[in-house]
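Just below is one structure, and these are the notes that go with it.
Values quoted throughout were computed directly from the atomic coordinates according to the rules given, and no laboratory measurement underlies them. On a predicted model such as this, the values are computed, not experimentally measured, just so you know. Positions of Cβ are generated from backbone atoms using ideal geometry, with glycine treated the same way; all protein chains shown enter the neighbour counts.
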Amino acid sequence: MIKKFLMTPGPTQIPSEVLLASAQPIIHHRTGAYSDLFARVNENLKYVYQTENDVISFASSGTGAMESAVVNLCSPGDSVLIASCGKFGERWRDLSEVYGLDYDYREYEWGTPVVPSDIEQALKDKPGIKVVFVTHSETSTGVVNDMQAIGAIVGKSGAVLVSDSISGLGSSEIRTDEWQVDVVVAGSQKALMIPPGLAFVSVSDKAWGMVEKSTLPKYYFDWTKARKALAQSKPTTAFTPAVSLVVGLDAALAMIRAEGLEKLFQRHIVLGRATRAAVRGIGLELFSPDDDSCSSVTAVRVPEGIDDNQLRTLTRDRYGVQLAGGQGHIKGKIFRIGHCGYYNYTDIIVAITALELSLKELGYQVELGSGVSKAQAVFGGEMI
């Protein structure tokens with residue numbers, strides 16, 4: 001028997017409480033029971049988002065919510081700025097191209113963050129920019145961008161700031177209102193601890209002003225329809241929701257509220273520290289920054305002479321630990337250890353053990369326990 005440990009940055013492990021909640025008999029989405037549930041879910045989402053803004057839900061992946069941001073904020077030919085430092089930053093560019101936007105694409109070396117002062121200069125150079133698209137937590141590289149600094153810059157302009165926080169919400173702090181982040185996109189399968197299939201968007205008053213002027217075509221992803229349905233005395237969605245996922249989300253958000261945001265973020269910081277310490281202890285090189293900025297995923301360079309696919313196949317098939325590979329032009333060059341959501345010290349210890357054993361079997365010179373002991377030191381408080 002192989003006990004499986006999903007150590008990817010999405011989908012992530014799901015608590016038994018959430019699985020059991022989702023397995024309850026289905027309820028109809030146009031009933032008072034569902035509206036009561038949905039109202040509670042929305043209030044708890046606002047808690048995690050740290051916002052007083054409306055949070056809209058869609059039955060889709062996070063990419064659907066990203067597309068909704070483009071079509072609800074923009075009109076054909078609008079000038080937008082995209083600051084990208086990884087695979088998911090590229091998605092903003094792809095969406096902008098599909099919808100005929102005039103985009104200024106600023107790309108940073110993968111593994112390094114966006115430079116906020118560059119955004120400030122771009123807004124000065126081109127005052128007609130209407131939307132700034134940024135990735136908060138860049139899952140492909142383990143980089144988190146400074147949304148507080150970026151929000152302060154964009155907030156002084158007439159532009160709207162849109163953050164892809166699909167892997168960041170609930171693991172890497174984002175104070176939506178305080179940091180002036182107008183639109184925050186998130187997905188269900190990361191730190192929110194439920195399966196893929198739900199996406200969320202918070203929308204500021206400033207952003208709603210732009211929605212009223214948008215002329216890009218939209219139907220299912222129309223925010224005005226979603227807002228109208230949400231504002232009813234018995235809140236609901238404009239179209240059929242993924243009911244069982246919403247029931248599971250209710251249970252997951254209750255767990256998050258019970259833990260509290262301060263402890264939640266601190267737990268993720270410690271998980272990241274322990275993972276990075278273990279990686280260094282094994283003698284591997286980090287691809288993601290070696291600091292507390294990214295608590296969702298740790299990206300690691302594949303050592304010379306080791307085949308990435310063989311390594312991850314071995315950890316999965318022999319030891320039950322599923323790691324993630326690289327994407328785009330760094331595919332095969334890095335692997336990623338996810339730790340956002342339902343994770344604690346046991347998961348990290350198991351993952352590092354499997355990594356050490358697999359590397360040793362593939363001929364990499366590693367002293368067994370060298371990484372595990374470093375992770376234990378962090379969890380034991382010696383390095384915190």
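Annotations
- Peptides 295-308, 334-347 ordered by average Cβ neighbours within 10 Å, highest first: 334-347, 295-308
- Pairwise inverse Cα distances across segment 38-91, averaged and inverted, put the Kirkwood hydrodynamic radius at 13.5 Å.
- Centre-to-centre separation between the Cα atoms of segment 1-70 and those of segment 164-215: 13 Å.
- Two-decimal Rg to Rh for the chain - Kirkwood Rh, Cα set: 0.98
- Dipole of segment 260-379, positive direction: furthest Cα of 344, 326, 379, with charges on the beta-carbon: 344
- Its DSSP H runs of at least 4 residues, each contributing -39,500 (n - 2.57), put the calculated 222 nm mean residue ellipticity of the chain at -13000 deg cm²/dmol, to the nearest 500.
- Dipole magnitude of segment 246-384 about its Cα centre (Cβ charges: Lys, Arg +1; Asp, Glu -1), debye to nearest 20: 140 debye
- For residue 333, a cut-off of 26 angstrom between C-alpha atoms picks up these lysines, skipping any fewer than 8 places away in its own chain: 4, 87, 190, 360, 374.
- Measure of compaction for segment 260-379 (Cα Rg per 2.2 N^0.38 Å): 0.99
- Inter-site label distance for residue 329 and residue 105 at 7 Å from Cα along Cβ, in nm: 1.2 nm
- Sparse-neighbourhood loop sites, GluC sites (Glu not before Pro) in segment 71-156 - DSSP loop, at most 10 other Cβ within 10 angstrom: 109
- Amide N of segment 35-70 lying under 19 Å from the label point, which is placed 7 angstrom from the Cα of residue 28 along Cα→Cβ: 35-39
- Expressed to the nearest 5 percent, the antiparallel share of DSSP beta bridges inside the chain is 50 percent.
- Separation in nanometres of the label points that stand 7 Å from Cα toward Cβ, at residue 40 and residue 262: 2.6 nm
- Here the relative contact order of segment 236-349, from alpha carbon pairs under 8 Å that lie six or more residues apart, stands at 22 percent.
- By the count of neighbouring beta-carbon atoms within 10 Å, fewest first, 66, 1, 255, 210 end up ordered 1, 255, 210, 66.
- Semi-axis lengths (Å, descending) of the ellipsoid that matches the C-alpha gyration tensor of segment 67-187: 19, 16, 14
- Reachable lysines, given that their alpha-carbon falls under 22 Å from the alpha-carbon of residue 126 and they are not under 8 places away in the same chain: 156, 206, 213
- Rg and Dmax [Cα atoms of segment 4-79; Å; Rg one decimal, Dmax integer]: 16.6, 48
- Whole-number percent relative contact order across the chain, with pairs defined as alpha carbons under 8 Å at least 6 apart: 23 percent
- Divided by 2.2 N^0.38 Å, where N counts the residues, the Cα radius of gyration of segment 1-155 comes to 1.28.
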